[in-house]
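What follows is a short report on a single structure.
The values are calculated or read from the model by the stated rules, or taken from the named source; none is laboratory data. All values derive from a computational prediction rather than experimental measurement. Using ideal geometry, Cβ is built from the backbone for each residue, glycine included, and neighbour counts are taken over all protein chains shown.
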(Lines give C-alpha, C1' and ligand atoms only; values in the text may rest on other atoms or scores of the structure.)
Protein backbone atom coordinates (compact mmCIF):
# COMPACT_ATOMS: atom_id res chain seq x y z
CA UNK A 1 0.00 0.00 0.00
CA UNK A 2 1.36 3.41 -0.97
CA UNK A 3 1.53 5.93 1.82
CA UNK A 4 -0.70 8.98 1.23
CA UNK A 5 0.56 12.24 2.72
CA UNK A 6 -0.61 15.82 2.38
CA UNK A 7 1.96 18.51 3.16
CA UNK A 8 0.21 21.59 4.53
CA UNK A 9 1.37 24.80 6.14
CA UNK A 10 0.63 23.53 9.65
CA UNK A 11 2.03 20.02 9.25
CA UNK A 12 1.98 16.68 7.46
CA UNK A 13 -1.35 14.90 7.22
CA UNK A 14 -1.06 11.14 6.69
CA UNK A 15 -4.17 9.59 5.15
CA UNK A 16 -2.96 6.01 4.59
CA UNK A 17 0.11 4.26 5.94
CA UNK A 18 1.55 1.03 7.22
CA UNK A 19 3.67 0.60 10.34
CA UNK A 20 6.95 0.40 8.41
CA UNK A 21 6.06 3.44 6.28
CA UNK A 22 5.15 5.42 9.37
CA UNK A 23 8.38 4.43 11.11
CA UNK A 24 10.34 5.62 8.06
CA UNK A 25 8.46 8.94 8.05
CA UNK A 26 9.10 9.45 11.77
CA UNK A 27 12.77 8.57 11.34
CA UNK A 28 13.15 11.09 8.50
CA UNK A 29 11.89 13.84 10.82
CA UNK A 30 14.07 12.65 13.74
CA UNK A 31 11.09 11.40 15.71
CA UNK A 32 12.76 8.28 17.03
CA UNK A 33 11.18 8.03 20.46
CA UNK A 34 8.05 9.33 22.16
CA UNK A 35 10.01 10.84 25.03
CA UNK A 36 13.13 12.92 25.60
CA UNK A 37 12.67 14.91 22.41
CA UNK A 38 14.96 17.95 22.20
CA UNK A 39 13.17 20.94 23.76
CA UNK A 40 10.12 18.63 24.13
CA UNK A 41 9.18 19.56 20.57
CA UNK A 42 7.28 17.03 18.48
CA UNK A 43 6.92 17.02 14.68
CA UNK A 44 3.44 18.01 13.44
CA UNK A 45 2.72 14.69 11.72
CA UNK A 46 -1.00 13.99 11.95
CA UNK A 47 -2.34 10.52 11.23
CA UNK A 48 -5.88 10.47 9.93
CA UNK A 49 -6.28 6.78 10.73
CA UNK A 50 -4.39 4.08 12.61
CA UNK A 51 -1.87 2.24 10.35
CA UNK A 52 -3.59 -0.59 8.50
CA UNK A 53 -1.39 -3.27 10.05
CA UNK A 54 -0.98 -1.71 13.50
CA UNK A 55 -2.73 -4.57 15.30
CA UNK A 56 -0.25 -7.00 13.71
CA UNK A 57 2.68 -5.66 15.73
CA UNK A 58 3.74 -8.59 17.92
CA UNK A 59 6.14 -6.75 20.22
CA UNK A 60 3.96 -5.11 22.87
CA UNK A 61 6.59 -2.56 23.87
CA UNK A 62 7.12 -1.47 20.26
CA UNK A 63 3.37 -1.23 19.69
CA UNK A 64 2.72 0.84 22.79
CA UNK A 65 5.53 3.28 22.09
CA UNK A 66 4.45 3.73 18.47
CA UNK A 67 0.90 4.39 19.65
CA UNK A 68 2.18 7.12 21.95
CA UNK A 69 4.26 8.65 19.16
CA UNK A 70 1.35 8.88 16.75
CA UNK A 71 -0.98 10.24 19.44
CA UNK A 72 1.21 13.04 20.81
CA UNK A 73 1.16 15.39 17.77
CA UNK A 74 -2.61 14.94 17.38
CA UNK A 75 -3.31 15.77 21.02
CA UNK A 76 -0.99 18.79 20.93
CA UNK A 77 -2.79 20.03 17.80
CA UNK A 78 -6.18 19.71 19.51
CA UNK A 79 -4.92 21.84 22.39
CA UNK A 80 -3.38 24.36 20.00
CA UNK A 81 -6.75 24.73 18.31
CA UNK A 82 -8.51 25.17 21.66
CA UNK A 83 -5.95 27.84 22.60
CA UNK A 84 -6.62 29.64 19.31
CA UNK A 85 -10.34 29.58 20.07
CA UNK A 86 -9.64 30.88 23.55
CA UNK A 87 -7.54 33.72 22.12
CA UNK A 88 -10.62 35.00 20.28
CA UNK A 89 -12.68 34.63 23.45
CA UNK A 90 -10.18 36.65 25.48
CA UNK A 91 -10.58 39.61 23.12
CA UNK A 92 -14.29 39.65 24.04
CA UNK A 93 -13.44 39.42 27.73
CA UNK A 94 -10.86 42.23 27.45
CA UNK A 95 -13.37 44.52 25.74
CA UNK A 96 -15.89 43.90 28.52
CA UNK A 97 -13.33 44.59 31.25
CA UNK A 98 -12.52 47.95 29.64
CA UNK A 99 -16.06 49.01 28.75
CA UNK A 100 -18.34 47.05 31.10
CA UNK A 101 -20.43 46.15 28.06
CA UNK A 102 -20.50 43.93 24.98
CA UNK A 103 -20.80 44.78 21.31
CA UNK A 104 -23.63 43.13 19.37
CA UNK A 105 -21.03 41.03 17.60
CA UNK A 106 -19.61 39.90 20.93
CA UNK A 107 -23.08 39.01 22.21
CA UNK A 108 -23.69 36.82 19.16
CA UNK A 109 -20.28 35.22 19.69
CA UNK A 110 -21.08 34.41 23.33
CA UNK A 111 -24.43 32.90 22.38
CA UNK A 112 -22.70 30.66 19.83
CA UNK A 113 -20.04 29.51 22.30
CA UNK A 114 -22.65 29.01 25.04
CA UNK A 115 -24.35 26.41 22.83
CA UNK A 116 -21.06 24.69 22.09
CA UNK A 117 -19.95 24.61 25.74
CA UNK A 118 -23.37 23.77 27.16
CA UNK A 119 -23.90 26.98 29.12
CA UNK A 120 -27.51 27.95 29.89
CA UNK A 121 -29.16 30.78 31.79
CA UNK A 122 -32.51 32.57 31.87
CA UNK A 123 -30.85 35.86 32.75
CA UNK A 124 -31.44 38.82 30.44
CA UNK A 125 -29.48 41.86 29.33
CA UNK A 126 -25.98 42.61 30.57
CA UNK A 127 -26.21 40.04 33.39
CA UNK A 128 -26.89 37.31 30.84
CA UNK A 129 -23.78 38.00 28.79
CA UNK A 130 -21.61 38.49 31.85
CA UNK A 131 -22.73 35.07 33.12
CA UNK A 132 -22.13 33.42 29.73
CA UNK A 133 -18.67 34.95 29.57
CA UNK A 134 -17.74 33.72 33.06
CA UNK A 135 -18.94 30.17 32.44
CA UNK A 136 -17.32 29.91 29.01
CA UNK A 137 -14.10 31.18 30.58
CA UNK A 138 -14.16 28.17 32.92
CA UNK A 139 -14.97 25.60 30.25
CA UNK A 140 -13.03 26.70 27.17
CA UNK A 141 -9.52 25.52 27.98
CA UNK A 142 -6.90 22.97 27.03
CA UNK A 143 -6.97 19.43 28.41
CA UNK A 144 -3.87 17.73 29.84
CA UNK A 145 -2.17 15.91 26.93
CA UNK A 146 -1.08 13.07 29.23
CA UNK A 147 -4.69 12.39 30.20
CA UNK A 148 -5.99 12.42 26.61
CA UNK A 149 -3.18 10.10 25.49
CA UNK A 150 -3.43 7.66 28.40
CA UNK A 151 -7.23 7.47 28.15
CA UNK A 152 -6.97 6.63 24.45
CA UNK A 153 -4.44 3.89 25.21
CA UNK A 154 -6.72 2.37 27.85
CA UNK A 155 -9.91 2.58 25.78
CA UNK A 156 -8.40 1.12 22.59
CA UNK A 157 -6.14 -1.49 24.23
CA UNK A 158 -3.16 0.43 22.88
CA UNK A 159 -4.54 0.96 19.41
CA UNK A 160 -5.79 -2.56 18.70
CA UNK A 161 -9.56 -2.23 19.26
CA UNK A 162 -11.97 -2.84 16.38
CA UNK A 163 -13.79 0.42 17.17
CA UNK A 164 -10.57 2.33 16.48
CA UNK A 165 -9.89 0.55 13.21
CA UNK A 166 -13.48 0.73 11.95
CA UNK A 167 -14.66 4.04 13.42
CA UNK A 168 -11.56 6.10 14.36
CA UNK A 169 -12.98 5.96 17.90
CA UNK A 170 -10.31 6.51 20.53
CA UNK A 171 -12.63 6.89 23.52
CA UNK A 172 -15.67 4.77 22.59
CA UNK A 173 -17.94 7.79 22.58
CA UNK A 174 -21.58 6.83 22.07
CA UNK A 175 -24.38 8.03 19.87
CA UNK A 176 -27.91 7.38 21.14
CA UNK A 177 -30.93 6.13 19.18
CA UNK A 178 -29.23 6.74 15.86
CA UNK A 179 -28.97 4.74 12.66
CA UNK A 180 -25.38 5.91 12.34
CA UNK A 181 -22.63 4.34 14.38
CA UNK A 182 -20.80 1.10 15.04
CA UNK A 183 -22.88 -1.65 16.68
CA UNK A 184 -21.70 -2.69 20.14
CA UNK A 185 -21.59 -6.45 19.69
CA UNK A 186 -20.78 -7.35 23.32
CA UNK A 187 -23.71 -5.32 24.70
CA UNK A 188 -27.36 -6.28 24.37
CA UNK A 189 -28.46 -2.65 24.76
CA UNK A 190 -29.29 -1.57 21.21
CA UNK A 191 -30.16 2.02 22.17
CA UNK A 192 -26.65 3.27 21.50
CA UNK A 193 -23.78 2.77 19.07
CA UNK A 194 -20.12 3.76 18.97
CA UNK A 195 -19.64 7.10 17.20
CA UNK A 196 -17.87 7.00 13.87
CA UNK A 197 -15.35 9.79 13.21
CA UNK A 198 -13.83 10.81 9.87
CA UNK A 199 -10.36 10.89 11.44
CA UNK A 200 -8.46 10.52 14.71
CA UNK A 201 -8.25 14.27 15.32
CA UNK A 202 -12.03 14.62 15.42
CA UNK A 203 -12.28 11.82 17.97
CA UNK A 204 -9.78 13.55 20.27
CA UNK A 205 -11.37 16.98 19.83
CA UNK A 206 -14.83 15.61 20.55
CA UNK A 207 -13.67 13.99 23.78
CA UNK A 208 -11.78 17.12 24.86
CA UNK A 209 -15.01 19.06 24.31
CA UNK A 210 -16.85 16.53 26.46
CA UNK A 211 -14.32 17.04 29.24
CA UNK A 212 -14.92 20.77 28.92
CA UNK A 213 -18.72 20.50 29.08
CA UNK A 214 -20.00 17.34 30.78
CA UNK A 215 -21.03 17.40 34.44
CA UNK A 216 -19.00 14.18 34.87
CA UNK A 217 -15.83 16.27 34.50
CA UNK A 218 -16.83 19.19 36.69
CA UNK A 219 -14.27 18.19 39.32
CA UNK A 220 -11.58 17.99 36.64
CA UNK A 221 -12.38 21.51 35.44
CA UNK A 222 -12.43 22.87 39.01
CA UNK A 223 -8.97 21.50 39.80
CA UNK A 224 -7.68 22.58 36.40
CA UNK A 225 -8.75 26.12 37.28
CA UNK A 226 -6.92 25.87 40.61
CA UNK A 227 -3.71 24.92 38.83
CA UNK A 228 -4.15 27.79 36.42
CA UNK A 229 -4.74 30.27 39.24
CA UNK A 230 -1.44 29.14 40.78
CA UNK A 231 0.29 29.50 37.40
CA UNK A 232 0.96 25.74 37.32
CA UNK A 233 0.89 23.55 34.24
CA UNK A 234 -1.84 20.92 33.86
CA UNK A 235 -0.21 17.88 35.41
CA UNK A 236 -2.00 14.75 34.26
CA UNK A 237 -1.01 12.91 37.44
CA UNK A 238 -2.50 15.65 39.60
CA UNK A 239 -5.75 15.63 37.64
CA UNK A 240 -6.07 11.86 37.07
CA UNK A 241 -7.96 11.39 40.34
CA UNK A 242 -10.76 13.54 38.94
CA UNK A 243 -11.46 11.01 36.18
CA UNK A 244 -13.35 8.54 38.36
CA UNK A 245 -16.58 9.13 36.37
CA UNK A 246 -14.89 8.83 32.97
CA UNK A 247 -15.66 5.11 32.78
CA UNK A 248 -17.58 2.35 34.50
CA UNK A 249 -14.39 0.32 34.88
CA UNK A 250 -13.27 -0.27 38.45
CA UNK A 251 -10.33 1.84 39.64
CA UNK A 252 -10.30 3.73 36.34
CA UNK A 253 -8.54 6.74 37.89
CA UNK A 254 -5.90 4.40 39.31
CA UNK A 255 -5.29 2.73 35.95
CA UNK A 256 -5.04 6.16 34.34
CA UNK A 257 -2.55 7.37 36.94
CA UNK A 258 -0.46 4.21 36.52
CA UNK A 259 -0.37 4.59 32.72
CA UNK A 260 0.67 8.25 32.93
CA UNK A 261 3.35 7.43 35.52
CA UNK A 262 4.79 4.29 33.90
CA UNK A 263 5.19 5.95 30.50
CA UNK A 264 6.29 9.32 31.97
CA UNK A 265 3.56 11.10 30.06
CA UNK A 266 3.56 14.20 32.25
CA UNK A 267 6.55 15.28 30.16
CA UNK A 268 4.11 15.77 27.28
CA UNK A 269 1.97 18.17 29.32
CA UNK A 270 4.41 20.99 28.57
CA UNK A 271 5.43 19.88 25.07
CA UNK A 272 5.03 21.82 21.82
CA UNK A 273 4.86 21.12 18.08
CA UNK A 274 7.69 21.80 15.66
CA UNK A 275 10.22 20.15 13.39
CA UNK A 276 13.74 19.50 14.69
CA UNK A 277 16.58 21.43 13.07
Give the number of residues within the stretch 37-63 that are in contact with a strand residue (DSSP E or B) (Cβ under 8 Å, 6 or more places away or on another chain) and closer than 23 Å to residue 2 by Cα. 8
Could you check residue 193 against (1) modelled with pLDDT of 95 or more; (2) under 25 Å from residue 182 (Cα atoms); (3) buried (at least 16 other Cβ atoms within 10 Å of the Cβ) and say which number it fails? (1)
Answer from 34, 13 - the residue that is modelled with pLDDT of 95 or more, in contact with a strand residue (DSSP E or B) (Cβ under 9 Å, 6 or more places away or on another chain) and farther than 15 Å from residue 165 by Cβ: 13
For residues that are crowded, with 18+ Cβ neighbours inside 10 Å and touching a residue at least 60 places away in the same chain (Cβ under 8 Å), scanning just the stretch 45-54, find the one that is nearest to residue 200 (Cα to Cα). 48
When residues of the stretch 38-89 are filtered for being assigned to a helix (DSSP H, G or I), closer than 20 Å to residue 164 by Cβ and within 17 Å of the chain's Cα centre (by Cα), how many remain? 12
